[in-house]
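Reading through the C-alpha cells given below for one structure.
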Amino acid sequence: MSLMNVFDVTQSGLVAQSARLNLVAENLANADIEASSPEQAYRGQYPMFRAVLDEQNINAQGQGVRYEGPVEDTRQPKKLFDPGNPNANDEGFVFTSNVNTVEEMASMMEASRSYQTNVEVMNTAKQLMMRTLTLGQ
C-alpha cells in the first residue's frame with residue numbers, strides 16, 4: 001500500500017463514521033416518539049458497511065470501507081399501557097421506539113472517536129509526506 005492510499009482509506013472511514021453519527025442522531029431524536037400501533041412506531045436505523053478490497057491484489061489488501069446504507073432494527077417496539085394517552089389504541093396501549101438511548105450514546109462516542117482517529121491519521125500522513133519532500137534539501 002502506498003502512502004497516497006492512506007488518504008483514500010481514511011477518507012472512506014470519515015464518510016462511514018459521519019453516516020453512522022447521522023443515524024445515531026436520527027435514532028436519538030426519534031427515541032421517545034409514540035404511536036398507536038407497532039407498525040407506526042419508529043424503528044432504529046443502523047449503518048451497513050462493506051470492506052473495499054483490492055481485487056487485483058492476491059493478498060486482497062483492504063482499501064477502505066463503503067457505507068451501504070441504513071438497516072432497520074428488527075426488535076419489537078416497546079408496548080406501554082397508558083389508556084389516557086391520546087396516542088393509545090383501543091386497548092389502551094401506546095408503542096414507542098425500540099431505540100436504546102444508552103446504546104446509541106455509546107455508539108455515538110465510538111463513532112466520534114473513530115472519526116477523530118481518521119483525521120489524526122490523515123494529518124500524520126501529510127506530515128510524513130512533507131518531511132519526505134524536505135529530505136533532499
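The values are calculated or read from the model by the stated rules, or taken from the named source; none is laboratory data. The structure presented is a predicted model; accordingly, all values stated were derived computationally and were not measured. Counting neighbours? That spans all protein chains shown, and the Cβs are built from the backbone with ideal geometry, glycine included. Just the protein is used for accessible areas: all its heavy atoms, side chains included, with ligands, DNA and RNA removed. Shrake-Rupley method; radii C 1.70, N 1.55, O 1.52, S 1.80 Å.
General remarks:
- Surface composition of region 2-45: carbon and sulfur atoms hold 53% of the protein heavy-atom accessible area at a 1.4 Å probe.
- Between the amide H of Ala88 and any residue lying 5 or more places away or on another chain, no distance stays under 5 Å, with hydrogens modeled in the peptide plane.
- Label of the coordinate-derived value, P(r) over Cα pairs in 5 Å bins from 0, in percent, listed as (1) 2, 11, 23, 26, 22, 12, 3, 0; (2) 2, 9, 17, 20, 16, 10, 6, 4, 4, 4, 3, 3, 2, 1, 0; (3) 2, 10, 14, 14, 13, 11, 9, 8, 6, 5, 4, 3, 2, 1, 0, 0, 0: (3)
- The accessible area of Arg75, taken with all protein chains in place and a 1.4 Å probe, comes to roughly 100 Å².
- Under Karplus coefficients 6.51, -1.76 and 1.60, residue-wise ³J(HN,Hα) of region 110-117 in Hz, glycine/proline x: 5, 5, 5, 5, 5, 4, 4, 5
- Looking at the chain, the accessible area is 67 square angstrom per residue; that uses a 1.4 Å probe and ignores ligands, DNA and RNA.
- Sites Met4 and Asp32 - FRET efficiency at Förster radius 35 Å, r taken between beta-carbons, to 0.05: 0.15
- Computed about its Cα centre, the charge dipole of the chain is approximately 700 debye, with only Lys, Arg, Asp and Glu carrying charge at their Cβ.
- When GluC sites (Glu not before Pro) are flagged only if DSSP places them in a loop and at most 15 other Cβ atoms lie within 10 Å, the longest unflagged stretch of the chain comes out as 92-137.
- Residue-wise HN-Hα couplings along region 26-42, as the Karplus relation 6.51 cos²θ - 1.76 cosθ + 1.60 with θ = phi - 60° gives them from phi, are 5, 4, 5, 5, 9, 5, 10, 6, 9, 9, 8, 8, x, 5, 7, 5, 5 Hz; Gly and Pro carry x.
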